[in-house]
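First comes the structure, then the notes that go with it.
The values are calculated or read from the model by the stated rules, or taken from the named source; none is laboratory data. Predicted, not measured: the structure shown is a model, and the values here were computed from it. Cβ placement follows ideal geometry from the backbone for every residue including glycine, while neighbour counts extend to all protein chains displayed. Heavy atoms of the whole protein, side chains included, go into the accessibility calculation; ligands, DNA and RNA do not. Shrake-Rupley method; radii C 1.70, N 1.55, O 1.52, S 1.80 Å.
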Amino acid sequence: MMDFLVRLENLPFCVWLHESSSIWAFPMFLFLHTLGMSMIAGISAVIDIVFLGFWPKMPIKPLERLYPLMWTGFWINAVTGTVLTIADASTRLANPVFYIKMTFVFAGVALLVVIRRKVFRNPEVDRAPLSGSAKGLAWASLICWLGAITAGRLLAYLGPVSGVGNLSNH
């Protein structure tokens with residue numbers, strides 16, 4: 001399996017991504033990944049904060065219009081995250097923190113779908129106070145995106161070190 005991952009890393013595109021001094025290589029992919037995460041996690045956090053009552057009272061239903069922006073952020077992250085993972089496959093896929101990050105991401109995306117179905121599609125959404133379950137979904141969403149972002153940052157500091165064989169951060 002490790003041989004396959006190393007072969008992926010040695011594809012010409014992956015070598016260019018890691019070794020090029022061009023701003024269009026690693027810096028651009030990392031920037032786009034950060035932009036995508038800010039779109040999906042940031043907009044989701046705003047919705048969650050409104051649900052939890054930390055924002056001045058406002059109608060909730062119009063916030064559903066933000067879903068296309070969140071999905072755009074998700075797809076930016078899906079593409080850039082896949083590219084960044086393949087370019088450093090033997091390090092990322094050997095790191096348990098990567099799987100923790102992905103668990104939080106998949107849970108956060110699942111919560112976006114559940115929130116849309118259970119909260120935004122409720123015809124009473126702006127006529128009655130939000131239910132306790134809607135607020136629970138908002139807390140869970142905040143925890144998932146905070147966990148995904150934290151685990152993503154910790155990838156640089158915990159586990160195997162990129163390009164250095166068996167060296168590991170402990």
Run through every distinct alpha carbon pair of the chain and return the Kirkwood hydrodynamic radius in angstroms, one decimal place. 17.6 Å
Can you list which of the DSSP-assigned H helices in the chain have a Cα extent of 15 Å or more along the long axis and an average Kyte-Doolittle score of at least 0.0? 26-51, 67-87, 96-115, 132-154
What part of the accessible area of the stretch 1-141, given as a whole %, is carbon or sulfur when the probe is 1.4 angstrom? 72 percent
Contour minus Cα-Cα distance for Leu30 and Ile49 (0.36 nm per residue): 4.1 nm
For Leu130, what charge total do you get from the other residues with a beta carbon under 13 Å from its beta carbon, if Lys and Arg give +1 and Asp and Glu give -1? +2
Work out, step by step, the length gained on full extension between His18 and Ala110: first 0.36 nm times the residue separation, then minus their alpha carbon distance; give nm to one decimal. 29.9 nm
Peptides ranked, highest mean first, by Cβ atoms within 10 Å: ranges 12-23, 148-159: 148-159, 12-23
Roughly how many Å² is the accessible area per residue of the chain, as a whole number, for a 1.4 Å probe? 58 Å²
Where labels lie 7 Å past Cα in the beta-carbon direction, separation of Leu146 and Lys118 in nm: 1.9 nm
